[in-house]
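Student: What follows is a structure written as structure tokens; I'll ask about it next.
Just so it is clear, none of the values below were taken in a lab; they were calculated from the coordinates. Quick caveat: nothing in here was measured; it's all calculated off a predicted structure. With ideal geometry, Cβ positions are generated from the backbone for all residues, glycine too; neighbour counts draw on all protein chains shown.
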Amino acid sequence: MYDFPLIYEKPVTDTIMRGIQNMIFKYPNLHVFESDTEIRVVNVEEDFEAYKLRALNTVNTLCESRMKEAIGDYPELEISSFPQQIAEARQYLEDSSYVPPLLNSISLGRGITIEVLVEKVIRHSETYSEISGRYMGLRQKQIERINNCTTLEELKEVMETSVLA
């Protein structure tokens, strides 16, 4: 194969760029670092910084995936209304004469009382907070473990024993 890292000073020709793209496609362990002056192709399995970057990205992706699982199959529009639903539910709990516009419309559409809907919104909010808080904590712990590594071997071991797996 090649001796890594491969370093190309900018500007590079279209032919070289196509060659880099083909290498990346053919060998998934390769990663490209680009600066203002050069393009560097490294083998992630052999390069500490590249492996660390991939490890951090993996942790973030895993955490995001776990949190999406916690949300479930709600459509994006409904998810974007969660903060408003929670705020209205809390305000209603403080003052039952308050008519929350969004929750009132949802309760009418569902055919349930505002009290029942407020209870559901608060319960779901608390459950999501517990789950997401747990994953955020695990993510932060794993990132600390990664950042404390000083060798490629340590990084690989940390990723094999991921707290998010």
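Student: Between the stretch 1-46 and the stretch 56-133, how far is it from one alpha carbon centroid to the other, in angstrom?
Tutor: Using only Cα atoms, the two centres lie 45 Å from each other.
Student: Using packing as a proxy for protection, rank 22-30, 131-139, 82-90 so that the peptide with the highest average count of other Cβ atoms within 10 Å comes first. Write down the numbers at each step before the final one.
Tutor: Numbers: 22-30: 12.8, 131-139: 14.8, 82-90: 16.8.
Averaged packing, sorted descending, gives the order 82-90, 131-139, 22-30.
Student: Note down the nm distance, to one decimal, between modelled labels 7 Å out along Cα→Cβ at Met67 and at Gln21.
Tutor: If labels sit at Met67 and Gln21, their model points lie 3.3 nm apart.
Student: May I ask you to list the residues of the stretch 1-37 whose amide nitrogen lies under 17 Å from a point 7 Å from Cα along the Cα→beta-carbon direction of Phe48?
Tutor: Counting only backbone N, you get 5.
Student: Now, a different point. Under a crude label model (7 Å from the Cα following the beta-carbon direction), how far is Asp95 from Val116 in nanometres?
Tutor: Each label point lies 7 Å from its Cα, and together they span 2.7 nm.
Student: Follow-up question, since we're still on this one. For the chain, what does -39500 (n - 2.57) per DSSP helix run (n ≥ 4), summed and divided by total residues, give at 222 nm, in deg cm²/dmol to the nearest 500? Provide the component values of the computation, followed by the final result.
Tutor: Numbers: 7 runs with 108 residues, N = 165.
Computed ellipticity for the chain at 222 nm equals -21500 deg cm²/dmol.
Student: What does the charge count near Ile122 come to, summing +1 for each Lys or Arg and -1 for each Asp or Glu among other residues with Cβ under 14 Å from its Cβ? Spell out each step's value before the answer.
Tutor: Values: positive: Arg90, Lys120, Arg123; negative: Glu88, Glu94, Glu115, Glu119, Glu126, Glu130.
Local charge sum for Ile122: -3.
Student: Please state the Cα pair-distance histogram of the stretch 106-165 with 10 angstrom bins from zero: what percent is in each bin?
Tutor: 20, 28, 18, 15, 13, 7
Student: If amide H atoms are built 1.01 Å from N in the plane of the peptide, which residues on other chains or at least 5 residues away come under 5 Å of the amide H of Val44?
Tutor: Answer set, sorted by chain and number: Leu30, His31.
Student: Kindly express, to the nearest 10 degrees and within the range 0 to 90, the angle between helix 114-147's C-alpha long axis and the longest C-alpha principal axis of the chain.
Tutor: It is inclined by approximately 20 degrees.
Student: Let me ask something else about it. Report the full-extension gain for the segment Glu34 to His124: residue separation times 0.36 nm, less the Cα-Cα distance, to one decimal in nm. Working shown, then result.
Tutor: On the way: separation 90, 0.36 × 90 = 32.40 nm, distance 4.37 nm.
Result: 28.0 nm gained on full extension.
Student: Here are some values of semi-axes √(5λ) of the Cα gyration tensor in Å: (1) 49, 20, 12; (2) 147, 31, 10; (3) 23, 17, 16. Which one was computed from this structure?
Tutor: For semi-axes √(5λ) of the Cα gyration tensor in Å, the calculated option is (1).
Student: On C-alpha positions alone, give me the angle between the axis of helix 48-71 and the longest principal axis of the chain, in degrees, nearest 10.
Tutor: Tilt of helix 48-71: around 20 degrees.
Student: How far is helix 101-110 tilted off the main Cα axis of the chain, in degrees rounded to 10, range 0 to 90?
Tutor: 80
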